[in-house]
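The values are calculated or read from the model by the stated rules, or taken from the named source; none is laboratory data. Since this is a predicted model, take the numbers as computed values, not measurements. Cβ placement follows ideal geometry from the backbone for every residue including glycine, while neighbour counts extend to all protein chains displayed. SASA here: full protein model, heavy atoms, side chains in, ligands and nucleic acids out. Shrake-Rupley method; radii C 1.70, N 1.55, O 1.52, S 1.80 Å.
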Amino acid sequence: MRRASEKSGTQEDRPKTRLPLWLKLVFTAWILLWAPTFWVLVGPQNYFWLCNLANFLLLAGLWRESRQLVSMQWLAVALVGSLWALDVGTAWLTGWHPIGGTEYMFDDRNPLVTRLMSMYHLLLPPVAGYAVWRLGYDRRALVWQTGLTWLVVPASYLFTEAERNINWVEGPFGQPQTMVDAPIYLMALMLLWPVLIYLPVHGLTLALSRRRGG
């Protein structure tokens with residue numbers, strides 16, 4: 001009886017996997033395909049994009065089953081991915097970009113493989129959303145993702161080519177701006193990014209989490 005009890009207690013103490021193994025393996029296979037392909041076609045500077053960085057951080061979050069990491073990347077990709085899909089879908093149907101910044105998807109000068117792989121913007125929101133649904137949402141994600149953004153945005157300005165306009169450090173919606181000095185624009189960008197992109201998703205997720213808990 002004692003041995004059975006100890007065995008049962010040991011099994012109950014083992015952490016249970018809350019994310020399916022197939023999801024981790026499929027997403028890992030995607031990263032192994034996407035990361036070197038993008039390195040060859042567009043160069044390592046492209047990894048500075050917050051949405052590209054989300055691929056790596058989400059992969060780590062899936063394997064570690066980290067609420068913090070998957071919640072952070074949920075903030076990073078939920079609204080951005082939705083707006084990207086809206087802009088690409090509208091342009092594909094009408095030729096008009098209501099938001100802008102996705103014109104490269106229709107530029108034949110960009111390799112077809114690069115454009116096809118950019119469709120990952122449609123993949124990341126459901127993957128991150130599913131992970132948050134299974135693991136729960138970490139409300140501290142807003143602070144952590146904001147801090148990460150405040151590191152990546154200045155780094156993008158300092159260490160990437162201006163013509164790439166990575167993370168829109170040279171101007172919004174993929175277009176360079178000349179209205180204000182660069183330092184002022186960067187400060188405004190660092191403030192507005194969390195407020196306009198992360199905060200709405202954070203608030204909606206908290207509301208849905210409370211409703212689900214109730």
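Which order do peptides 194-200, 144-150 fall in by mean Cβ count within 10 Å, highest first?
144-150, 194-200
Do any trypsin sites (Lys or Arg not before Pro) in region 66-170 lie in a DSSP loop with no more than 15 other beta carbon atoms within 10 Å, and if so, which?
R109, R139, R140
How far, in degrees from 0 to 90, does helix 50-64 lean away from the longest principal axis of the Cα atoms of the chain, to the nearest 10?
Orientation of helix 50-64: about 10 degrees from the principal axis.
For region 27-212, give the magnitude of the charge dipole about the Cα centre (Cβ charges: +1 Lys/Arg, -1 Asp/Glu; no others), in debye to the nearest 20.
Its charge dipole is roughly 960 debye.
Loop-only check: which GluC sites (Glu not before Pro) in region 85-176 are DSSP coil with at most 11 other Cβ within 10 angstrom?
E161
Using only Cα atoms, locate the centre of region 73-123 and the centre of region 154-214, then give the distance between them in Å, rounded to an integer.
For region 73-123 versus region 154-214, the Cα centre distance is 17 Å.
Restricting to DSSP H runs of at least four residues, report the calculated mean residue ellipticity at 222 nm for the chain, -39500 (n - 2.57) per run over all residues, nearest 500 deg cm²/dmol.
That calculation yields -22500 deg cm²/dmol at 222 nm.
If I compute P(r) over Cα pairs in 10 Å bins from 0, in percent from the structure I just sent, which labelled value in [x] 8, 29, 28, 20, 11, 3, 0; [y] 8, 33, 35, 21, 3; [z] 8, 29, 34, 18, 6, 3, 2, 0 lines up?
The listed entry that was calculated here is [z].
Give me the percent of accessible area attributable to carbon and sulfur for the chain, probe 1.4 angstrom.
67 percent
Using only Cα atoms, tell me the angle between helix 21-42 and the longest principal axis of the chain; keep it within 0 to 90° and round to the nearest 10.
20 degrees
At 1.4 Å probe radius, can you tell me the per residue accessible area of region 27-212 in Å²?
54 Å²
Run the numbers on the chain and let me know its relative contact order in percent, using alpha-carbon pairs under 8 Å that are six or more apart.
Contact order relative to length: 24 percent.
With everything on Cα atoms, drop me the angle between helix 67-94 and the longest principal axis of the chain, reported from 0 to 90° to the nearest 10.
In the chain, helix 67-94 runs at an angle near 40 degrees to the longest axis.
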